[in-house]
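The values are calculated or read from the model by the stated rules, or taken from the named source; none is laboratory data. Just so we're clear, the structure is a prediction, and the values are computed from it rather than from any experiment. Virtual Cβ from ideal backbone geometry, glycine too; neighbours counted across all protein chains shown.
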Amino acid sequence: MDKSILIIGACGQIGTELTLKLRKNYGKNAVIASDISEGNEELMESGPFEFINALDYKQISSIIDKYAINEVYLMAAMLSATGEKFPAKAWELNMNSLLNVLNLAKEGKIKKLFWPSSIAVFGPTTPKENTPQKTVMEPTTVYGISKLAGERWCEYYFNKYGVDVRSIRYPGIISWKTSPGGGTTDYAIEIYHKALTDGNYDSFLGKNTKLPMMYMDDAINATLKIMEAPAENIKIRSSYNLAAISFTPEEIAEEIKNFIPKFAISYHSDFRQSIADSWPSSIDDSEARKDWGWQHQFDLEKISESMLRNLQVKFDEIKTQK
Ligand code: SER
């Protein structure tokens, strides 16, 4: 069976880079990008695109028929900080989009499904350091509650209906191509932008707030790796813990100073501080490493070098276009 992939939420931070990578690997016509609005130029020019509202079951179903889709990546979601502003909307989008694709898979219209979960499934009662795969989970954000409920649904659909759904709990994802939207870990992206444009950054998280983070290249590799693994290797059908590195705002600022010595940071916590405080500082991802060979490549130094170099090129391009 030839691969025919649909990405829902293809224009977001992870969706954009995932689409580009899948098109590189499988050919542009094998990967259909979709979202409720258009993405950046690179994404839109890289292959087929369809408008899809992730809440519209019929629309998804007809696109699956149109392209004989067999694999779906559902990347549409409302993240933690925005979710606290629009709790009902966050629940509706995060839950019903997942149930739509799970039901399409149950009907046999999707053979393999990827759905991302998050470190937000954990809460203040979870062990903070080296958080185990199986532990106390009492999330306090709507985003976290929806991801935890989603994980339970994934496992349920696997056990009851044999749906081949695969999932990882992403930590904060750092990238330069497409901006993130409404996450608590987004400070670790803004800081690189501001380091280059202003030489200083006012952090919305306190200096000792340590969170699990990962570079986009690693996140994409993990996603492809779990999707390519033989079904029998996927022992966990809720969602896998996944980790690379952990750092605080103070530590990332120190790293940036190795590249931009005059860089300065200040701290003014806002409502996102209590979200960050409820999440783990580091994650035990040994199950992912054991079951499907997960390994990360990027440490904080490599991330910082790559972010500053790529953002500088992007800013210079914007300047010459003006
Ligand atoms: N990056 C996400 C957020 O901050 C966590 O999954 O909401």
Only one residue in Ala253, Ala244, Ala188 is over 15 Å from the mean Cα position of the chain (by Cα) and modelled with pLDDT of 95 or more. Which one? Ala253
Which pairs have Cβ atoms under 6 Å, sit 6 or more apart or on different chains, and link a residue in region 22-40 that is over 26 Å from Ile318 (Cβ atoms) to one that is surrounded by 13 or more Cβ atoms within 10 Å (Cβ to Cβ) and at pLDDT below 95? Tyr26/Lys3; Ala30/Lys3
State all residues of region 180-217 that are surrounded by fewer than 19 Cβ atoms within 10 Å (Cβ to Cβ) and among the small types (Gly, Ala, Ser); if no residue qualifies, say none. Gly181, Gly182, Gly199, Gly206
Please go through region 231-245 and give me each residue that is surrounded by fewer than 20 Cβ atoms within 10 Å (Cβ to Cβ) and of a type outside the set (A, V, I, L, M), ordered by number. Glu232, Asn233, Lys235, Arg237
Restricting attention to region 131-152, which residues are away from the ligand (no atom under 14 Å from the Cβ) and in contact with a strand residue (DSSP E or B) (Cβ under 9 Å, 6 or more places away or on another chain)? Pro132, Gln133
Of the residues that make up region 159-167, is at least one within 13 Å of the ligand (Cβ to nearest atom) and under 18 Å from Met75 (Cα atoms)? yes
Residue check, Glu190 part of a helix (DSSP H, G or I), of a type in the set (D, E, K, R) and within 14 Å of the ligand (Cβ to nearest atom): yes
Any residue at all in region 284-294 that's within 15 Å of the ligand (Cβ to nearest atom) and acidic (Asp, Glu)? yes
Can you pull out the residues in region 267-286 that are assigned to a loop (DSSP other than H, G, I, E, B) and either polar (S, T, N, Q) or surrounded by 16 or more Cβ atoms within 10 Å (Cβ to Cβ) (or both)? Ser269, Ser278, Trp279, Pro280, Ser281, Ser282, Asp284, Asp285
Of all residues in region 215-253, which are out of contact with any Phe, Trp or Tyr (no Cβ under 7 Å at 6 or more places or on another chain) and among the hydroxyl-bearing types (Ser, Thr, Tyr)? Ser238, Ser239, Tyr240, Ser246, Thr248
Looking at (1) crowded, with 23+ Cβ neighbours inside 10 Å; (2) closer than 30 Å to Asp164 by Cβ, find the lone condition where Ile220 falls short. (1)
Contact list, first residue from region 251-280 and closer than 25 Å to Tyr143 by Cα and within 13 Å of the ligand (Cβ to nearest atom), second anywhere and assigned to a helix (DSSP H, G or I) and among the polar types (S, T, N, Q), beta-carbon distance below 7 Å, six or more apart or interchain, is Ile275/Ser80
Could you check how many residues of region 41-59 are surrounded by 21 or more Cβ atoms within 10 Å (Cβ to Cβ) and in a strand (DSSP E or B)? 0
